[in-house]
Amino acid sequence: MLENASVNWTNNSLAAEVGLSPSQLHRGFRTAFGISPAEYSRALRTRRARLALAAGAPVTEALYHAGFGSSRAFYEVVPAALGMTPTQFRSGGAGAKIRYTVFDSFLGRLLVGATERGVCAVKMGEREGELEDQLRSEFPTAQLTRDEAGLTEVRNATLRLAAGRATQPELPLDVHGTVFQWLVWRQIQRIPRGRTKTYGELAREIGRPTSARAVARACATNQVALVIPCHRVVPAGGGGGGYRWGPDRKRRLLAAESASS
């Protein structure tokens, strides 16, 4: 029902449709999926808008295709989810401003990038130039500016995470993802420091018990290492499993977190 873009569901109308009170619906939906019905519906519509804009659709067409009832609702929700205006996103991020910093850590060189809405990239590697090239390839038409002083707070929070000594900070994020990816990423953020879960366990927790492989793909596409701690997700058969930033970093991270818990 929520997938139907032509119907503007409210919490009350959806609850009546399934024979529950609004509070029962809200609690049950959040328990099953980790987000509210309204958040789920907004995420679906935002994804439709993002896909339409990326395909070159005019903003007005993308608005109605996604199921937004007014331009005001569209521009209130979509820019916050995309991290830039719809027109900017359609043109590949032209005009978007991303500040970044690169620094040494327990895990090698780290790059952190942020828009005005939140952290959009956390990358690990050995060479500064390589990390900067990765950022440019992901945001080819954005305005990139190095800003060591302005990102001090984010840098320090990321360093604590890299050393395995900190709980997850409340850093604002500006990360693109599907509804499913965000379900996985939010559940990963709930894994306590020093603990791990399997891909299958996460799939069951988000109500998709047969989607362990899709969970693994969501981990692989995580754009903000450490802040969304996908290193805490491991295979059911044992071992560390794959990790975008290298299995050695994953082992060191898990060992450091276990030692400091």
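Entry remark, the range 48-102: residues being of a type in the set (K, R) and at pLDDT below 75 number 3 in total. Each residue in the range 163-200 was checked for being β-branched (V, I, T), at pLDDT 85 or above and surrounded by fewer than 15 Cβ atoms within 10 Å (Cβ to Cβ), and 0 of them qualify.
Candidates in the range 138-162 are the residues that are polar (S, T, N, Q) and over 13 Å from A121 (Cα atoms); of these, the one that is modelled with the lowest pLDDT is T141.
When R155, R232, R160 are checked against the criterion of being of a type in the set (K, R) and either surrounded by fewer than 16 Cβ atoms within 10 Å (Cβ to Cβ) or touching a residue at least 60 places away in the same chain (Cβ under 8 Å) (or both), a single residue qualifies: R160. The residues on offer are R252, R213, R195, R155, and the sole one that is more than 27 Å from I98 (Cβ to Cβ) and within 20 Å of the chain's Cα centre (by Cα) is R213.
Helices (runs of 4 or more DSSP H) fully within the range 194-261 that include at least 1 residues being over 23 Å from T158 (Cα atoms): 199-205, 212-220.
When the residues of the range 144-193 are filtered to those that are part of a loop (DSSP other than H, G, I, E, B) and of a type in the set (V, I, T), the one that is farthest from R109 (Cα to Cα) is T178. Residue check: G239 meets all listed conditions (1) surrounded by fewer than 16 Cβ atoms within 10 Å (Cβ to Cβ); (2) under 21 Å from T31 (Cα atoms) but one, namely (2). Report yes if T145 is among the polar types (S, T, N, Q) and surrounded by 14 or more Cβ atoms within 10 Å (Cβ to Cβ), otherwise no. When the stated conditions are applied, T145 does not pass them. Might you let me know whether the range 140-157 holds any residue that is closer than 21 Å to G246 by Cβ and aliphatic (A, V, I, L, M)? No: zero hits.
The values are calculated or read from the model by the stated rules, or taken from the named source; none is laboratory data. A quick note: this is a predicted structure, and the numbers were derived from the prediction, not measured. All Cβ positions, glycine included, derive from the backbone under ideal geometry; neighbour counts span all protein chains shown.
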